[in-house]
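Just below is one structure, and these are the notes that go with it.
All of the numbers you see were taken from the coordinates with simple rules; none came from a lab. Note that the structure is predicted; figures quoted are calculated from it, not measured. Cβ coordinates were reconstructed from backbone atoms using ideal geometry, including for glycine residues, and neighbour counts include every protein chain displayed.
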Amino acid sequence: MTRAMNQLSHTQELAENLAVSAWLYPRIQCVERRVRRLFRLPAVWYTRASARRALASLDERTLKDIGVNKVSVIYEASKPFWRK
């Protein structure tokens, strides 16, 4: 009887661990995604700022060639690096 109770207890313990894992795993994935995004963010910001500086440095003829007006360039270049 004791052995059967131990096996039942062990089975219940495994079931509880699986239930906790099923609850915890999605939350761990969410945190992991946020941490990865946090580490990628400086590169995104740098790229965005560089592209805006390059756009702002273009002359009128080049802007006309790519179909962008000066007002749009000034608006885009004036945005902070963290804004899309």
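Regarding the stretch 60-67, can at least one residue be identified that is in a helix (DSSP H, G or I), within 28 Å of the chain's Cα centre (by Cα) and of a type in the set (D, E, K, R)?
For the stretch 60-67, residues in a helix (DSSP H, G or I), within 28 Å of the chain's Cα centre (by Cα) and of a type in the set (D, E, K, R): absent.
Report every pair of residues separated by at least 6 positions or lying on different chains whose Cβ atoms are under 6 Å apart, first residue within the stretch 66-80 and within 9 Å of LEU55 (Cβ to Cβ), second loosely packed, with under 12 Cβ neighbours inside 10 Å and small (Gly, Ala, Ser).
Close Cβ pairs satisfying both conditions: none exist.
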